[in-house]
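> Here it is: the structure, laid out below.
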Amino acid sequence: MKRILFIVSLSFLVFAASSCNREEAPTNIILLIGDGMSFAHVQAGIISSETPLNIEQFRHIGFIHTYSADNFVTDSGAAATALATGVKTNNGYIGMDPDGNPVRSILHIASDNGLATGVVVSCAITHATPAGFYAHQPSRNMTEEIALDILDAGVDVFIGGGRNHFENRQDGRNLLEDLEQMGYQLAFSMEEVMEAGSGKLAGLVAGGHPPRYSEGRGNMLPDGTEKAINILNRNPGGFFLMVEGAQIDWGGHDNDVEYIVNEMHDFDRAVGKALEFARNDGNTLVIVTSDHDTGGMALHGFDSETGEVTAGYTTGGHTGLMQPVFAWGPGADAFMGIYENTGVFDRMLAAFGFSRN
Ligand code: MG
Ligand code: ZN
């Protein structure tokens with residue numbers, strides 16, 4: 001009996017040791033960004049939920065400074081550029097350094113190294129946060145140019161709104177035809193997205209931004225995350241996926257805690273899809289972070305009967321508050337501590353074992 005126990009515990013040790021070695025380099029990274037998702041937004045989401053949030057499962061947690069190259073308070077363009085490329089830039093810039101030189105993102109670098117890549121967002125796919133991962137433009141407002149950039153970026157799967165920026169354009173081009181010629185399956189609703197096969201996928205499920213969760217967006221973000229993972233995971237070389245809960249920020253701008261909480265819970269369901277895959281896979285690093293605080297929200301009260309949160313705000317814009325980073329899986333330790341938002345890129349690059357060029 002003792003002998004059997006010894007063998008069992010020994011094989012457990014061997015297994016633990018081998019999974020430890022494997023831990024150094026993830027094959028896949030899923031980066032989930034809650035736009036404007038500061039500490040109060042996370043806490044409001046947690047306390048107003050009847051069940052624990054997925055985000056509560058993380059154990060490796062850090063803080064990032066978010067200031068941009070030209071302002072203590074960043075916008076989402078400069079913040080996305082910092083997270084995606086490791087370069088601080090001016091507010092409003094997308095995938096460019098402060099001198100206007102294009103800089104390559106972790107998505108571009110992953111694609112160059114044979115990884116499959118994806119972007120899933122609850123806003124237009126051309127909006128500042130996703131654009132920071134595939135585009136190079138001096139203004140986040142150049143949505144037509146940003147849409148053109150996605151054709152060059154090697155994004156295998158993208159799901160979001162913004163169909164208008166592809167087909168109803170000032171330049172008269174119809175980029176949907178280009179995408180089709182490039183071999184993309186086109187999907188114009190979540191039903192079509194979920195029916196898509198294994199190839200490249202352009203999911204443009206709204207003309208502009210998809211509606212807020214409380215107004216009928218449905219499970220677009222978590223379902224889109226799951227679908228993207230299923231397609232990207234067929235690439236034996238691994239994948240990089242960016243998922244954005246875009247409208248947490250818009251609830252912050254509106255100083256509307258109910259909007260924030262609904263969007264937090266939706267985003268957390270997408271986090272749950274990523275963790276569920278990572279748990280089964282064993283070689284996937286999941287990172288959850290925020291680009292900046294929106295609203296300067298503080299929590300003043302909570303009614304445990306109704307689940308209602310009472311909040312106060314310091315602004316209708318963004319603030320310069322540090323932001324949380326949560327990491328899970330191989331390489332997660334590196335994301336603990338206090339560092340710059342550009343350090344998220346640095347740590348992802350190191351986890352993959354890639355270099356900038
Ligand atoms: Mg955003
Ligand atoms: Zn904002």
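> Within the stretch 278-296, can you find the residues that are surrounded by fewer than 24 Cβ atoms within 10 Å (Cβ to Cβ) and outside any helix (DSSP H, G or I)?
From the stretch 278-296, those surrounded by fewer than 24 Cβ atoms within 10 Å (Cβ to Cβ) are 278-283, 289, 296; that's our starting set.
Matches in the stretch 278-296: GLY282, ASN283, THR289, GLY296.
> Based on this model, can you work out whether ALA17 counts as modelled with pLDDT under 95, in a helix (DSSP H, G or I) and among the small types (Gly, Ala, Ser)? Talk me through it step by step, then tell me what you get.
Details: modelled with pLDDT under 95: yes; in a helix (DSSP H, G or I): yes; among the small types (Gly, Ala, Ser): yes.
For ALA17, the condition - modelled with pLDDT under 95, in a helix (DSSP H, G or I) and among the small types (Gly, Ala, Ser) - is met.
> Testing ALA270 on (1) within 19 Å of ILE29 (Cα to Cα); (2) among the aliphatic types (A, V, I, L, M); (3) free of Cβ contacts under 8 Å to residues at least 60 places away in the same chain, one condition comes back false. Which one is that?
(3)
> Now, a different point. Taking LEU241 and the conditions (1) within 15 Å of ligand 2 (Cβ to nearest atom); (2) surrounded by 21 or more Cβ atoms within 10 Å (Cβ to Cβ); (3) hydrophobic (A, V, I, L, M, F, W, C), which numbered condition does it fall short on, given that it satisfies the others?
Result: LEU241 passes all but (1).
> Hey, THR126 hits all of (1) within 21 Å of the chain's Cα centre (by Cα); (2) surrounded by fewer than 17 Cβ atoms within 10 Å (Cβ to Cβ); (3) part of a loop (DSSP other than H, G, I, E, B) but one; which does it fall short on?
The single condition THR126 does not satisfy is (2).
> Here are some residues: MET190, MET194. Which one is open to solvent by 50 Å² or more (accessible area, probe 1.4 Å) and at pLDDT 95 or above? Before you say what the answer is, go through the steps one by one.
On the way: MET190 fails: open to solvent by 50 Å² or more (accessible area, probe 1.4 Å).
Matching residue, one of MET190, MET194: MET194.
> Looking only at residues that are outside any helix (DSSP H, G or I) and open to solvent by 40 Å² or more (accessible area, probe 1.4 Å) in the stretch 244-277, which one is nearest to ligand 2 (Cβ to nearest atom)?
Here is the first cut: in the stretch 244-277, the residues outside any helix (DSSP H, G or I) are 244-247, 254-256.
Retained after the next criterion (residues that are open to solvent by 40 Å² or more (accessible area, probe 1.4 Å)): 254-256.
Numbers: ASP254: 11, ASN255: 12, ASP256: 13 Å.
Here the residue is ASP254.
> Continuing with the same structure: Residues in the stretch 219-226: is at least one within 21 Å of MET242 (Cβ to Cβ) and surrounded by fewer than 18 Cβ atoms within 10 Å (Cβ to Cβ)? Even if it seems obvious, please write down each step before you answer.
Applying the first criterion (within 21 Å of MET242 (Cβ to Cβ)) to the stretch 219-226 yields 219-226.
Cutting the leftovers down to surrounded by fewer than 18 Cβ atoms within 10 Å (Cβ to Cβ) gives us 219.
Within the stretch 219-226, one or more residues are within 21 Å of MET242 (Cβ to Cβ) and surrounded by fewer than 18 Cβ atoms within 10 Å (Cβ to Cβ).
> On the given criteria, is ALA334 free of Cβ contacts under 8 Å to residues at least 60 places away in the same chain and either within 28 Å of TYR67 (Cα to Cα) or touching a His at 6+ places or on another chain (Cβ under 9 Å) (or both)? Show your work before the answer.
On the way: free of Cβ contacts under 8 Å to residues at least 60 places away in the same chain: yes; either within 28 Å of TYR67 (Cα to Cα) or touching a His at 6+ places or on another chain (Cβ under 9 Å) (or both): yes.
So ALA334 fits the description; yes.
> Moving on. Filter the stretch 227-270 down to residues that are within 20 Å of PRO52 (Cβ to Cβ) and out of contact with any strand residue (DSSP E or B) (no Cβ under 9 Å at 6 or more places or on another chain), then give me how many there are.
3
> Out of ILE125, ILE146, ILE106, ILE94, I need the residue that is farther than 23 Å from MET37 by Cα and among the hydrophobic types (A, V, I, L, M, F, W, C). Which one?
Working: ILE125 fails: farther than 23 Å from MET37 by Cα; ILE106 fails: farther than 23 Å from MET37 by Cα; ILE94 fails: farther than 23 Å from MET37 by Cα.
None of the other options fit; the residue is ILE146.
> Among the residues of the stretch 138-155, what is the count of those that are touching a residue at least 40 places away in the same chain (Cβ under 8 Å) and crowded, with 24+ Cβ neighbours inside 10 Å?
3
> What single numbered condition from (1) within 16 Å of ligand 2 (Cβ to nearest atom); (2) touching a Pro at 6+ places or on another chain (Cβ under 7 Å) fails to hold for ASN283?
Answer for ASN283: the failing condition is (1).
> Kindly indicate the residue of the stretch 156-179 that is acidic (Asp, Glu) and assigned to a loop (DSSP other than H, G, I, E, B) and also surrounded by the most Cβ atoms within 10 Å (Cβ to Cβ) among those meeting that condition. Don't jump to the end; show me each part of the working.
Going residue by residue through the stretch 156-179, those that are acidic (Asp, Glu) are 156, 167, 171, 177-178.
Those left that are additionally assigned to a loop (DSSP other than H, G, I, E, B): 156, 171.
Numbers: ASP156: 24, ASP171: 9.
For the stretch 156-179, the residue satisfying everything is ASP156.
> Name every residue in the stretch 227-238 that is open to solvent by less than 10 Å² (accessible area, probe 1.4 Å) and assigned to a helix (DSSP H, G or I), in order of residue number. Show your work before the answer.
Step one: list which residues in the stretch 227-238 are open to solvent by less than 10 Å² (accessible area, probe 1.4 Å), which gives 228-229, 232, 238.
Those that are open to solvent by less than 10 Å² (accessible area, probe 1.4 Å) and assigned to a helix (DSSP H, G or I): ALA228, ILE229, LEU232.
> Give me the residue from the stretch 47-84 that is in a loop (DSSP other than H, G, I, E, B) and among the acidic types (Asp, Glu) and, out of that set, nearest to ligand 1 (Cβ to nearest atom).
Going residue by residue through the stretch 47-84, those that are in a loop (DSSP other than H, G, I, E, B) are 48-53, 58-59, 66-75.
From what's left, among the acidic types (Asp, Glu): 50, 70, 75.
Values: GLU50: 28, ASP70: 19, ASP75: 10 Å.
The qualifying residue nearest to ligand 1 (Cβ to nearest atom) is ASP75.
The values are calculated or read from the model by the stated rules, or taken from the named source; none is laboratory data. Nothing here was measured: the structure is a model prediction, and the numbers come from that model. Don't worry about glycine lacking a Cβ; one is built from the backbone with ideal geometry, like all the others, and counts go over all protein chains shown. All accessible areas refer to the heavy atoms of the entire protein, side chains included, with ligands and DNA or RNA removed. Shrake-Rupley method; radii C 1.70, N 1.55, O 1.52, S 1.80 Å.
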